[in-house]
1. Sorted by packing (mean other beta-carbon atoms within 10 Å per residue), highest first, where do 277-287, 384-394 land?
2. Taking the chain as the reference, fit the longest principal axis to its C-alpha atoms, fit the long axis of helix 204-217 to the helix C-alpha atoms, and give the angle between the two in degrees, 0 to 90, nearest 10.
3. Please work out the Cα center distance from the stretch 3-29 to the stretch 344-405, rounded to the nearest Å.
4. When DSSP beta bridges are limited to those with both residues in the stretch 295-405, what percentage is antiparallel, rounded to the nearest 5?
5. Compute the acute angle (0 to 90°) between the alpha-carbon long axis of helix 16-28 and the principal axis of greatest extent of the alpha-carbon atoms of the chain; round to the nearest 10°.
6. If packing is taken as the average count of other Cβ atoms within 10 Å, what order do 12-23, 259-270 fall into, highest mean first?
7. Explain nothing, just the number: relative contact order of the stretch 113-266, from Cα pairs under 8 Å at least 6 residues apart, as a whole percent.
8. From the Cα trace of the stretch 113-266, what convex hull volume per residue do you get, rounded to a whole Å³?
Amino acid sequence: MTIHTHYQVIIVGGGTAGLTVAAQLHKKDRSLDIAIVEPSQDHYYQPAWTLVGAGTYDMAATKKRTADYIPKGVTWIMNRVDTIEGGDSRVTLDTGQSMTYDYLVVAPGIQIDWDKITGLSEAIGQGGVCSNYGHDKAEYTWECVKRLKPGDKAFFTQPDTPIKCGGAPQKIMWLTADYLRGRGLLDKVHVEMMSPGTKLFGVDVFRKALEKVQARYGTAWSHYTKLVEIRGEKNEAVFDLIDKETGEVSGQRVEHYDMIHVVPPQSAPDFIKKSDVAGPGGWVDVDKNTLQHNRFKNVFSLGDAAGTPNAKTGAAVRKQAPVLVANLLRVMKEDKVTDDKRYHGYTSCPLTTGYGEMLLAEFDYDNNPDPSLPIDTTKPRKSMWILKKYILPFMYWHGMLRGRA
Ligand SMILES: Cc1cc2nc3c(=O)[nH]c(=O)nc-3n(C[C@H](O)[C@H](O)[C@H](O)COP(=O)(O)OP(=O)(O)OC[C@H]3O[C@@H](n4cnc5c(N)ncnc54)[C@H](O)[C@@H]3O)c2cc1C
């Protein structure tokens with residue numbers, strides 16, 4: 001394929017956000033000259049990895065060919081972007097080839113920093129060290145869950161960085177607890193969340209509901225506790241204890257584990273951090289409501305890499321994409337964003353609280369509940385489990401990625 005030296009629109013990253021924006025833009029105006037830069041042949045529905053880790057979803061069903069979701073007429077450049085120069089409206093690929101653009105959409109997702117925890121990269125995927133954060137990893141979580149036996153210790157961790165799907169660390173813990181309960185093992189296996197955070201969940205109404213879930217299972221939850229090292233050969237995990245007042249490390253706890261589900265630290269992709277489109281924390285510096293770059297008016301961003309202070313989820317992308325597309329099209333025509341298309345931080349977190357039940361936490365930038373369904377989703381419900389396992393994946397593949405939802 002010949003790569004041109006200039007495109008009208010370049011989309012960096014063809015994951016959930018990039019493909020959704022490409023589909024919507026292309027639907028609205030088929031004459032646009034759009035290129036997506038995406039290195040991966042496979043596209044995964046990541047929200048189902050929690051269910052894979054709990055043995056109730058097939059990993060193969062979370063994967064489709066990226067090619068099948070690139071809209072016809074849109075150019076797919078199967079490379080990585082190495083550099084973005086917003087000041088020069090230029091993108092350079094890892095091959096060294098450069099392209100200029102009229103408009104840029106930055107959507108390369110979040111970077112997983114396995115190496116930020118000593119020993120984790122070496123230990124992951126064996127000896128009881130597991131994570132749902134990877135298509136090559138989540139199936140091993142289920143192996144670990146199934147192997148738990150009386151006297152064992154199972155830990156679940158959460159980092160102190162932003163992560164994709166803030167509920168994922170605890171979802172797999174509730175499912176593990178429910179699995180153990182069903183086998184009469186819940187009071188014989190120690191189950192504990194190790195979290196640097198201060199509470200179970202940031203939004204009060206859902207926190208209260210989750211505290212009831214915790215009481216029902218009788219599992220432990222340690223706050224101000226951060227995983228810093230895995231000693232795989234000894235099945236030991238080292239946690240820093242954080243002082244509540246000063247935020248400084250006040251001591252350490254070393255625990256033997258039989259299973260430890262790790263949610264790794266995450267950050268903006270390195271190539272974004274070093275680019276002039278980056279703002280605070282290395283995230284793409286966009287207006288949190290319009291999704292337009294704060295300095296380069298022909299640059300937009302959404303999804304996990306965007307510097308918007310929402311909880312990072314695919315559900316957030318679903319609300320961001322139409323706002324970004326409307327504003328981008330308006331800027332093309334009139335050099336200014338629309339008056340009425342704004343993103344207010346909507347995100348949703350489907351919290352699986354057991355096999356066959358879920359509560360749906362939907363909220364906005366201000367942590368105010370932002371419900372989209374006509375039922376009370378603050379209580380664990382069977383209908384929400386059906387939504388998570390069957391309806392949302394269908395809507396994703398057939399609606400969202402096709403630019404229909
Ligand atoms: C275990 C788990 C559970 C989750 N559960 C939920 C859930 O229940 N509900 C929910 O809504 N969300 C959930 N999510 C989060 C959701 O999957 C992400 O928020 C969403 O995929 C973000 O979309 P994105 O396009 O920003 O990033 P991604 O979908 O990750 O796509 C980023 C793309 O950019 C590409 N890319 C990276 N670097 C470059 C580069 N240098 N050049 C070009 N392309 C590049 C990548 O190959 C990738 O295809 C979960 C995620 C995980 C891991």
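Please treat every number below as a calculation from the coordinates, not as lab data. Values in this document were obtained by computation on a predicted structure and should not be read as measured data. All Cβ positions, glycine included, derive from the backbone under ideal geometry; neighbour counts span all protein chains shown.
1. Descending mean neighbour count gives 277-287, 384-394.
2. In the chain, helix 204-217 runs at an angle near 40 degrees to the longest axis.
3. Using only Cα atoms, the two centres lie 26 Å from each other.
4. Numbers: 9 of 9 bridges.
Just about 100 percent of them are antiparallel.
5. 30 degrees
6. 12-23, 259-270
7. Numbers: 291 pairs, mean separation 53.4, N = 154.
That works out to 35 percent.
8. Taking the convex hull of the Cα positions in the stretch 113-266, it is 110 Å³ per residue.
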